[in-house]
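To keep things clear, I will list the structure first and then write my remarks on it.
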Amino acid sequence: MPDPIRNGEYAHCICDFSGMPIGATDIDAFIDIKNRAFVFGEAKHENSAVPLGQRLALERLTDAVHRGGIPAFCFVVSHHDKGDIDIAKADVSEYRWRGQWHRGTGTFGDAASFLMKQYGYRVD
């Protein structure tokens, strides 16, 4: 099992994008399934909306990767945590696949495990 937080002493730090010449955003999760599929994840507190600029960035990135020949998925997940977020237990609100958003079910951990098995990554 991977470490829960790499460089955890910096987890409280905020990236300030205000000095950038153009808007920037972050992505909360990225899973590379042996270069056979890519999974992006964005966690929001209690079903908060994904801001338009971030949604466009996630859509464009996911769709461009997919058009390039590697299946790509983007999950928006909702959590209720007040402290550290257990993203594996976060509920999938919606996911993007083949250029469309779909209503989600289950947890991000379950979705990631399913995709890993589908694309030949052994999950113990």
For Gly19, work out the one condition from (1) within 25 Å of Arg6 (Cβ to Cβ); (2) exposed (fewer than 12 other Cβ atoms within 10 Å of the Cβ); (3) modelled with pLDDT under 95 it doesn't fulfil.
-> (1)
Close pairs (8 angstrom Cβ cut-off, 6 or more residues apart or separate chains): in contact (Cβ under 8 Å) with a residue 24 or more places away in the chain in the stretch 82-108, surrounded by 18 or more Cβ atoms within 10 Å (Cβ to Cβ) and of a type in the set (Lys, Arg) anywhere = none
Among the residues listed as Arg6, Arg67, Arg36, the single one being touching a residue at least 40 places away in the same chain (Cβ under 8 Å) and either surrounded by fewer than 12 Cβ atoms within 10 Å (Cβ to Cβ) or over 16 Å from the mean Cα position of the chain (by Cα) (or both) | Arg36
Contact list, first residue from the stretch 10-32 and at negative phi and touching a residue at least 60 places away in the same chain (Cβ under 8 Å), second anywhere and surrounded by 10 or more Cβ atoms within 10 Å (Cβ to Cβ) and of a type outside the set (A, V, I, L, M, F, W, C), beta-carbon distance below 6 Å, six or more apart or interchain, is Ala29/Gly41
Does Phe30 qualify as being within 12 Å of the chain's Cα centre (by Cα), of a type in the set (A, V, I, L, M, F, W, C), under 20 Å from Gln100 (Cα atoms) and loosely packed, with under 14 Cβ neighbours inside 10 Å?
-> yes
Could you please let me know if Trp101 is touching a helix residue (DSSP H, G or I) at 6+ places or on another chain (Cβ under 9 Å), over 18 Å from Asp32 (Cβ atoms) and surrounded by 12 or more Cβ atoms within 10 Å (Cβ to Cβ)?
-> yes
Picking from Ala57, Ala72, Ala112, which residue would you name as being under 13 Å from the mean Cα position of the chain (by Cα) and in contact (Cβ under 8 Å) with a residue 40 or more places away in the chain?
-> Ala112
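The values are calculated or read from the model by the stated rules, or taken from the named source; none is laboratory data. This structure is a prediction, so every number in the text was calculated from the model and none was measured. All Cβ positions, glycine included, derive from the backbone under ideal geometry; neighbour counts span all protein chains shown.
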